Each structure stands twice: as C-alpha cells, then as structure tokens.
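Accompanying notes for the structure given below.
The values are calculated or read from the model by the stated rules, or taken from the named source; none is laboratory data. As the structure is a prediction and not an experimental result, all values here were calculated from the model. Cβ: placed from backbone, ideal geometry, glycine included. Neighbour counts: every protein chain shown. Ligands, DNA and RNA are stripped out before the accessible areas are found, and what is left, the full protein with its side chains, is counted by its heavy atoms. Shrake-Rupley method; radii C 1.70, N 1.55, O 1.52, S 1.80 Å.
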Amino acid sequence: MAEAHPVGFQWVAEAKARGAKLVHVDPRFTRTSAMADKHVHIRAGTDIALLGGLIRHVIENDMWFKEYVTHYTNAAHLVDEGYQDTEDLDGLFSGFDKDTGGYDNATWQYEKDPYEADGIAKDMTLQHPRSVFQILRRHYSRYTPEMVGNVTGIKTEDFLELAELIGKNSGRERTTVMAYALGWTQHSMGSQFIRTAAILQLLLGNMGRPGGGIMALRGHATIQGSSDIPTLFNLLPGYLPFPVAGKHDTLRDYLDDAVPKDQKGFWSNGDAYMVSLLKAWFGDDATEENDFGYQYLPRLTGAHGTYQTLMRMFDKSVDGYFVLGQNPAVGSANGRMQRLGMSNLKWMVVRDFQLIETATWWKEGPEIATGELKTEDIATEVFFMPAANHTEKAGTFTQTQRLVQWRHQAITPPGDARSELEFFYDLGVRLKEKLKDSTDPRDKPLQAMTWDYPVDEHGEPSAEAVLKEINGYYTTGPNAGKPVDNFNQYKADGSTAGGCWIYAGVYAGGINHAANRVPGKDQDEMAHQWAWAWPANRRILYNRASADLDGNPWSERKKLVWWDEEQEVWTGKDVPDFPIKRPPSTKTAHDTHGPDALAGDDPFIMQSDGKGWLFAPKGMNDGPMPTHFEPAESPVTNPLYPQQESPSRVLITSRGNQLAPAGDQPGAEVFPHVFTTYRLTEHQTAGGMSRFLPYLSELQPEMFVEVSQELAAEAGLEPYGWATIASPRGAIEAKVLVTQRMQPVVAGGKTVHQIGMPFHFGVGNQALVTGDSVNDLLGMTLDPNVYIQSAKAVACTIMPGRRPRGPALVKFVEDLREQAGITVLTGHRRLTFERDAETMEVSDPPTLTDPEPHTGE
Amino acid sequence: MARFSVLGWPVFRQAKSKDKLGRGPAVESPKYANMRPRTEDADKVVQSVCPYCAVGCGQRIYVKDDEVIHIEGDPDSPISRGRLCPKGAASEQLVNTPVRQKTILYRRPYGTDWEELDLETAMEMITERFLEARRNHWEDFDEHGSPVNRTMGIASLGGATIDNEENYLIKKLFSAAGAVQIENQARI
Ligand code: SF4
C-alpha cells in the first residue's frame, strides 16, 4: 500500500501513530513492510491456507464474537442433508460437474422450516452438525498452524503471533481492518481469497463497523466506477446481471430469476431498478406493453470476457476492436497472444494520449523482431484517435471507497483530442442518422435509444446531463423531468427513469453532489460533504452491525450508528444502512418480502436472508466455502487435498497458452521458480500514463527483476547484470536486483524461490523508457467467478545473460517446452484423482480426452 | 565584484534583523526574496482529482491562457490533505509532455507507416466499419432458439480513467447496437 497507494497509506501511518498494530503479509518485503510492526513472508498464491488457518484458530480458541456471529451471520442456519464437504470428497464439494468444472448448488441450500417466518431451519446454539458454524469448523479443521506453515511457508511462531494479534484486536472495543489489492484478485481463485477474508472478518465482528471491514485497494482512478457503471460483459449498471439467453428470454423470466420478489432485502426491488434503466435507455419506446423494451437488449450465451474475446479473434470472428485508454499489448496476460490476436482483426480504434504499444505493435512489436509477424502482411486497419485527459473534460471518478468525485474541466483538449464522452456521443449520432429510415427490427434498439444530450460550443456533451440520467428522474406526473432523491423513489411502472440505481441521490434536488467540496478541516471525520458516496452518501456499508442487538453501540469507543429510543429512529455519525424507523426488536413476519421482511437483527440488507454469509449457498461458482488449491502452475504438490488445482478454474487451451507441469510431475523442474508481478510507485499499469512522462521515466527508467541472494547464488546471477526469465509462454530479459527483500520459502517440503517483477514495461519505440513486458510470460488461466487471470504466482525459470534475439527467441522457448515435455494439455486436468466406485478410494487420475486444441495462432 | 563590507556578514545581518535562529530574514538572498510561486500567474484554479490510482487525491489545476501551468495537491481534500505521490505530482506532464500525440493517425491494411486523417473522415470510416462488423456477425437466436439480438463482430476494452458518464454512454450505445463483448481494466 505504501508503494502503490502512497497517499492513502498516510492514514495507516496515522493509525499506527495512535497505537494500531500493522502487519504486512506479502511475498516481498516492501516499503509497507518497512513501516509495519511485522512482515510475514508468504508463498505467493496460498492466502486461503493462511486465512483458513486464522479462521480455525479463532474458532478453536474461542476468539470469535458470539453475539455478532450468532445473530448477524448465517452461522445458525442449517444446510441441506445432501451437502458434502471437500473433507468428504477430497477437495470437491457436492454437486461437481466434471464436464464443465462448475457446480450444481442444490445441496448447498438451507434446510427449509415452514414454521420459521423466513422459512429457514436454524439452531441458535450453533451445535447442530449441519449448522453453518459446525460445517465451517469442520471444513477448516485441518488448517492447523503446522499445516499453514507447510502450505504457505510461514513459520508457526509468526502465524501464532498474527493470529493472536487479530483475535485480540477484535470485539466490542476494537476492530481490525484488512486491505488487499491485486495480490488477492489475480489468481485462479481470487474471489475465494476475498471470501476467506470476509468469513474471518464476520467471525471477528469486524464488518459494518468503524475501523473494520475489508478494503479493496483499487488500482486505478475509477476501477470502482467501471464496475458500478460497468463496461463489463456480464453486468448492467448497478450490479444487475446482464440477460442470459434461455434463462432470461422475457422480462418476467429475468426478474423472477435475477431479482425475485419473494426474497428478503433490497434486491427484491430489482424490478424498479431494471425498468427504470430500460426507461432511461429507450425513453418513450419503453412501454408496459413492450416490457419496457427489454427485447431490445442483447443476450449472453456464456462468458464473453476479454480473454474469451481474444480467442475469438483467432477464429476471425471479431472484426473491430475499440481500445480505450488501455494497453492490452502490454497490460493483458500473455502479451504475445494479445498482439497476434490483434493481427487477426479487420480494424481497431485506439484512443489514448500517446502512441502506446497497442497502437504500434504492427510495426514495433516483439513479433516483428522474431519474424512471427511481418508488417506488410498484417491486414489490420488501425485508427489512432487522440484522447482528452482528466484536466480537459468534466466528469466523475469513483475512488476506492465508493466516493464519486467530480472533476471540473480546466482547459479545452488540444488538436484532435476528444473525450470518450464526445467520441461516443458523436458515434451514436452518426449511427442513429444512418439507420433512421431502416425498417430492420435489428436497428430498432438504436433508433429507440435516447441520445439527446446538450453539447457545448466545442461539441462536448454535458457530463452533468449524463450524471442526471444516471441519478434518475421522474418521467410523468407533476415532477416530470425532476431528478429523484434516492433509489426508493425508483418505480417499476415506467414513471421513473434511471441509469444506475445505486447512484440515485448523487444529483438529488438538481444539485451535483459529486462536486460537493466542503474542506475536510471544516467537517467531522466522516466528511459527508466532500463528494458523494454510493449508496445514499453512506460511508460505511451495513453499518447497522455497528450496534448490538438492542441497537446500542457495541462500545462507546466504536460507536457509529444506533437506535434512538426517544425519536424511534436509527441515527448516528453515518447515514444508517437500515430501514430508518425499524426498531431493533422487530421480528420477520410470515409472508413478508423485500425490505419489509428485514428483522431488527438483519444488518446485511442486500442478502436474501439479511445475514453475513460464512457459507455461501449461492453466488460462487467454485464452492460455498474457500478451499486451498495450488495456483494453476505450482512447484508444490497440494499438501491439503489430493486435488492439486482449483477444479473449477477456467482453462484456455491453445498452443500459445501452454502451462508448466505442476508439483512433482516430470518436467516441472524446468520451470522450478515462482514469480509474482507488482507495481512501482512511479509507474502506472502498462505505462501509457507514465513511461511517456519525463519525470516518471527518469525516476524508474528500466525493467528489473528482484531475486533473493540465495537464488542469485544458485542461478549464477550477477547484481546489475542481465537475466533471462522464461515461462512456457515466452522469455524476457531484465536487469538483476539482488536483495534480501526476496526470500526463499520452504513449502511442501521444498525450497521455493520467489521472484518479483514490475509489470509496467513494454516493447516499442515511442515511450521514453521501454523494456520487456513481464505479462508476456503470463498464461491465461482464469477465476471462474470473475474471469480474472492468474498473475501473482506463475512458474518460471531464470538464467544469467540476455535473451536470444530474432527467430532464436521463439526456438529458445520451444526448446524449454520440449525439455519439460509440455503439450497443449499439460496442466489441463480438472481432477487430479478419480474415485474407485467400488472401494471409494482415491485412485489414478482420469485420462484426458483431447479438448479440441484451439486453431489459429 | 562588490566591495567587501562588514554589513554583509551573516552574523551582523542576524543581529541586525533580530533573527535569533538565523533561519529568517538574515539568510534571505535577493534571489529568494524576488522568487514568486509558479501558480501566481494563473487566470484560474480548478478543483480536480488525480487520474492515476484509486485513492482519489484532490488536485488543484492552475490554468493560464487555456493551458495547464501547474498541478498541485488540494489541501481541502479530506482524503489527501494536499498531498500527491510522484505520479499525481507529475500529472502536469500528462497534459504537456512533448511526446503527446494530438492528431489522428491512420494505418491502412498492409501499410508500413502512419498517415494523417481528418476528424470527419475518420469518424465516417469508423461508423461505416461499425455497421459492417455489426452486420457481418449478427445473431438473432442461439442454437436453442432463444433470442440473442446481438453482434459478435465488435469488441471493446476500456481503461479505468474513463469517467462514469463516459462508461455509461459506452455501455448504453454498445448494448443498443447489440455488442456484448464490452470489457474494462476492472476485469484485468
Ligand atoms: S497522487 Fe498518487 S496516491 Fe494520490 S491518487 Fe494520485 S496516484 Fe494515487
């Protein structure tokens, strides 16, 4: 955090100055570690084992927060009789589908009890063997300190110190916060890493409370905003799922499945959010008779993420590619495949400030040097459209704490540079103009789409008008055209339109609250008048949990939101995240739904049972509880289960995307080390915004590789000399930095060397500083929930000297693959064991059938 | 060279100006006394937000004659309290770096170099190609006969310095056009 979010880290430093203890868990020792009370060296990719060990420790040593866990989480809920755990099935949960790698979650559901108002069977003593609490306890029973050490490489005394610190620092008087970044997300089980942290925080009573929670440290100005108002294939604005063919053929199908009315909590109002979105997009054409234009929306038939789309490029099934302020030739996993994929396009539009590598790969890319691509043979047409930067346009970024902050425009963009707002507005106007007389039903959605935004004298549309549409407004009645004040005013009958329900309120009263700028020193620490946080300007989510069952703060020290007996309302320092007049003693009544069904002790108001989930009966594609598997390529054999890798990981089978053998498999010794990628303070992602700036380039001019003294000695690496680093996908070179900051760890009975490399450099002639790109070494193995690639624990080898040049480089990587006996199917086995049907013993792995190796490339 | 004068002695200056610690007027050079902040010339100051990481530090942008002359931390921000890290502090160069590409460039199929293109021509060409790609890979139904109403011929990948308002228009336009392969750095 000190390296990648330096100014945010000032608050950690402040907390430390006031007595907070800071522990840093990372495969590298960084400036964060230098500031911490303790640094814990961990083997990259083993965080579930560590956090699972902490869960076990907290339960077995009675350090969990009893009242909180019993009433605010689903600990007491009973799970279906058919449920089987990874403990029973050697690493699988019940419901595994061998062919898809996914799960049927029927047996993960709660047991029904018609006598309970919410229909869920419970045991408030938490003793029932099928209670979530007991299931959780058994699931992590083997994650002992010794086992944690064997998996993660963390010494037992370090683990115990950490466990005691966290346990003692949680309860009524104290809270613990966890912060993470891509070190948790970029894995084939990234979502489960974060789930493990959530379980631990719930057990300790650290959610919904000041100084608690799990803090996602987003890497870019508005990563949060790009998920809220998503340019992501599987989402509509406000986390409404994108419609899926077969499942969501009609609006009714969609609503019944995605946002059922008969559930508890605020998702039950999803019909209002969805209909208002359709009204915002299709205006007068969205009527009750035509299901508000629901049929205008396209449908999904599976995953259409960026890596799946890349593979479709090789089939020549993608003609055009818009790349907007992004540099996939350097920033996406498996850079070589990215560039080869782009050579199969008919055309691409690159919008950026600079001639980034994604704009120049056709003449300056590494494949031109190796002879794999020839400029004169590449058919791809490239449009480079210069972009306006943050000073040259107005609009909002949503930062890492959901704070929507408005930027005022300072100057007009130079030359041909335009904002995305203007570019897309203009494109939309042109498309509509060309199709205005069409009678083809395919063109109807574009004809119906509302697209009237006021523009200024330079042609720039008003970002504030767009923000108002996002906020939502009334379409009929006396208030027609006026903005709504909050999402409870959204209606499912077409009388409101709104582009993103969670942002409702940002433009309440016709005022742009994202531009609120009361100086911090003139406000309390919540700073509600600086910008606006979704939802409802609430700064801490689920903050009803900051009070006890009776609605009183858990302690004076940690008070945030409480029930005011006299006024009969929830009140406090933050905007309460609960129906404001609902007393804490309220019980759920039979046959109630939605927000009305929330009991006084249901703080998790978006969950269908009002509780924090220690066990996830739905929502996760790879299991209801996190389970440690080894990374997609790992030199260590999984010490916990016979199942080596996550059986649900998404595999992309292609000659350009081959994987190293794992564990003790023959050939694994060719790629014996693990590398992890990271960010430097002075650069930003793929370098488009930093390697072209003189100051930043001067501060960090060169690609390097961090290795331990032990590995340097073993591999013969000279400090400040060159090293070649290779994976089954490619080979790069970097200057050697020998440092004690990297340390080998002992895990699974082996010494594992870990290597660190920054991911900002790329090959081209335009940037002020260039270098080989570490992402060329990454494979595309994805998390099955969010389709993010695994980038933080990757197999490699390292040797002294520069890499080969020209065609010899291709040959060099081929030879390594051959030496390791790698085929397109290596590492693709979903199950590393099979069960003998007669004895139920673990026996040999199943044989692999050819999964149609990908053509192209 | 000026004639030596005892009056120029630092210790004398210190005594004379009652600058006990020798950190005030006694050590002020004429150069320093005449120095003026770069920001003084600005016509206007605009509140903004750093475009790099998601801490969201406040920035003050100093403008003269429609040009950014300086960017500094906004002390009003309760998040950053006036601080910027090296990236935020260098962001003036994001605007003014000499290597910035300000005009449209075009590479034709099999071309070996860039060509210039005016805005109107480029926008028309992109619009035509958009419609053609949309047609080429249009799908009405999936293999089970469920409606899909989409084109698989167009894809997009955006970075995370794209404003919410921009993402909103991008998602709206692509969805209405039937394009579903719309992605963002948030997935990477
Ligand atoms: S100044 Fe640095 S810490 Fe602050 S938002 Fe910008 S990049 Fe992040």
(request) Starting from residues that are open to solvent by less than 10 Å² (accessible area, probe 1.4 Å) and not in a helix (DSSP H, G or I), keep the ones in the range A:328-346 and report whichever is nearest to the other protein chains (Cβ to nearest Cβ). (result) A:Ser332
(request) Looking for whichever is within 16 Å of the ligand (Cβ to nearest atom) and of a type in the set (A, V, I, L, M) here; the options are B:Val6, B:Val49, B:Val27. Which one fits? (result) B:Val49
(request) Read through the list (1) touching a Ser or Thr at 6+ places or on another chain (Cβ under 6 Å); (2) more than 23 Å from A:Ala2 (Cα to Cα), then give the number of the only condition that B:Trp9 fails. (result) (1)
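Listed here are the residues, each with its yes/no results for (1) in contact with a Phe, Trp or Tyr (Cβ under 8 Å, 6 or more places away or on another chain); (2) over 30 Å from A:Tyr641 (Cα atoms); (3) open to solvent by 40 Å² or more (accessible area, probe 1.4 Å).
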| site | (1), (2), (3) |
| --- | --- |
| A:Asn785 | no, no, no |
| A:Phe812 | no, yes, yes |
| A:Gly827 | no, no, no |
| A:Asp836 | no, no, yes |
(message) Restricting to the range A:277-308, give me the number of residues that are within 22 Å of the chain's Cα centre (by Cα) and not β-branched (Val, Ile, Thr).
(response) 7
(request) Name the one entry in A:Ile48, A:Ile59, A:Ile55 that is assigned to a helix (DSSP H, G or I), out of contact with any Leu (no Cβ under 8 Å at 6 or more places or on another chain) and either modelled with pLDDT under 95 or among the aliphatic types (A, V, I, L, M) (or both). (result) A:Ile48
(request) Could you list all residues from the range A:143-159 that are touching a residue at least 60 places away in the same chain (Cβ under 8 Å) and within 18 Å of A:Leu22 (Cα to Cα)? (result) A:Ile154, A:Asp158, A:Phe159
(request) State all residues of the range A:4-31 that are buried (at least 19 other Cβ atoms within 10 Å of the Cβ) and within 14 Å of chain B (Cβ to nearest Cβ); if no residue qualifies, say none. (result) A:Ala4, A:His5, A:Pro6, A:Val7, A:Gly8, A:Phe9, A:Val12
(request) With the condition kept exactly as written, say whether any residue in the range A:267-282 is more than 21 Å from A:Leu651 (Cα to Cα), open to solvent by less than 30 Å² (accessible area, probe 1.4 Å) and in a loop (DSSP other than H, G, I, E, B). (result) no
(message) Which count do you get for residues in the range B:57-81 that are more than 11 Å from the ligand (Cβ to nearest atom), more than 7 Å from chain A (Cβ to nearest Cβ) and not in a strand (DSSP E or B)?
(response) 2
(message) Condition check: within 14 Å of chain B (Cβ to nearest Cβ) and modelled with pLDDT of 95 or more. Does A:Thr739 satisfy that?
(response) no
(message) Based on this model, can you work out whether A:Tyr273 counts as within 30 Å of A:Gly572 (Cα to Cα), under 25 Å from the mean Cα position of the chain (by Cα) and more than 10 Å from chain B (Cβ to nearest Cβ)?
(response) yes
(request) Please tell me if A:Asp249 is over 23 Å from the mean Cα position of the chain (by Cα) and open to solvent by 40 Å² or more (accessible area, probe 1.4 Å). (result) no
(request) Exactly one condition in (1) out of contact with any strand residue (DSSP E or B) (no Cβ under 8 Å at 6 or more places or on another chain); (2) within 24 Å of B:Ala160 (Cα to Cα) is not met by A:Met313; state its number. (result) (1)
(request) Check A:Leu51 against each of (1) more than 16 Å from the ligand (Cβ to nearest atom); (2) open to solvent by 40 Å² or more (accessible area, probe 1.4 Å) and name the one condition it does not meet. (result) (2)
(request) Just give me the residues in the range B:109-135 being among the hydroxyl-bearing types (Ser, Thr, Tyr) and assigned to a helix (DSSP H, G or I), in sequence order. (result) B:Thr121, B:Thr127
(request) Run down A:Leu373, A:Leu355 and say which single residue is facing another protein chain (nearest Cβ under 7 Å) and either closer than 29 Å to B:Tyr62 by Cβ or open to solvent by 10 Å² or more (accessible area, probe 1.4 Å) (or both). (result) A:Leu355
(request) Could you tell me which residue of the range B:130-142 is most open to solvent (accessible area, probe 1.4 Å), considering only residues that are facing chain A (nearest Cβ under 7 Å) and within 13 Å of A:Arg442 (Cβ to Cβ)? (result) B:Asn136
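Conditions tested, residue by residue: (1) acidic (Asp, Glu); (2) facing chain A (nearest Cβ under 7 Å); (3) on the phi > 0 side of the Ramachandran plot; (4) open to solvent by 10 Å² or more (accessible area, probe 1.4 Å).
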{"site": "B:Arg83", "(1), (2), (3), (4)": "no, yes, no, yes"}
{"site": "B:Arg100", "(1), (2), (3), (4)": "no, yes, no, yes"}
{"site": "B:Met123", "(1), (2), (3), (4)": "no, yes, no, no"}
{"site": "B:Glu128", "(1), (2), (3), (4)": "yes, no, no, yes"}
{"site": "B:Glu166", "(1), (2), (3), (4)": "yes, yes, no, no"}
{"site": "B:Lys172", "(1), (2), (3), (4)": "no, yes, no, no"}
{"site": "B:Asn184", "(1), (2), (3), (4)": "no, yes, no, no"}
(request) Output yes when any residue across the range A:428-443 is in contact (Cβ under 8 Å) with a residue 24 or more places away in the chain, more than 16 Å from the ligand (Cβ to nearest atom) and either more than 7 Å from every other protein chain (Cβ to nearest Cβ) or outside any strand (DSSP E or B) (or both), and no when none is. (result) no
(request) Taking the residues in the range A:722-745 that are over 29 Å from A:Gln658 (Cβ atoms) and part of a loop (DSSP other than H, G, I, E, B) as candidates, determine which candidate is most open to solvent (accessible area, probe 1.4 Å). (result) A:Gln740
(request) Please state which one of A:Arg218, A:Arg137 is in a helix (DSSP H, G or I), open to solvent by 10 Å² or more (accessible area, probe 1.4 Å) and touching a residue at least 60 places away in the same chain (Cβ under 8 Å). (result) A:Arg137
(message) Looking at the structure I just gave you, is A:Val318 assigned to a loop (DSSP other than H, G, I, E, B), of a type outside the set (Phe, Trp, Tyr) and either touching a Ser or Thr at 6+ places or on another chain (Cβ under 8 Å) or facing another protein chain (nearest Cβ under 9 Å) (or both)?
(response) yes
(message) Which numbered condition in (1) at the interface with another protein chain (Cβ under 7 Å from one of its Cβ atoms); (2) surrounded by 24 or more Cβ atoms within 10 Å (Cβ to Cβ) is the only one that B:Asn149 fails?
(response) (2)
(message) If I ask for residues that are part of a loop (DSSP other than H, G, I, E, B) and of a type in the set (Val, Ile, Thr), which ones from the range A:62-112 would you list?
(response) A:Thr86, A:Thr100
(message) Suppose we filter the range A:673-704 for residues that are open to solvent by 10 Å² or more (accessible area, probe 1.4 Å), away from the ligand (no atom under 15 Å from the Cβ) and more than 27 Å from A:Gln754 (Cα to Cα); how many remain?
(response) 2
(message) Looking only at the range A:193-228, count every residue that is within 16 Å of the ligand (Cβ to nearest atom) and among the charged types (D, E, K, R) and tell me the total.
(response) 1
(request) Select, from B:Leu131, B:Leu157, the only residue that is under 23 Å from A:Arg418 (Cβ atoms) and within 24 Å of the chain's Cα centre (by Cα). (result) B:Leu157
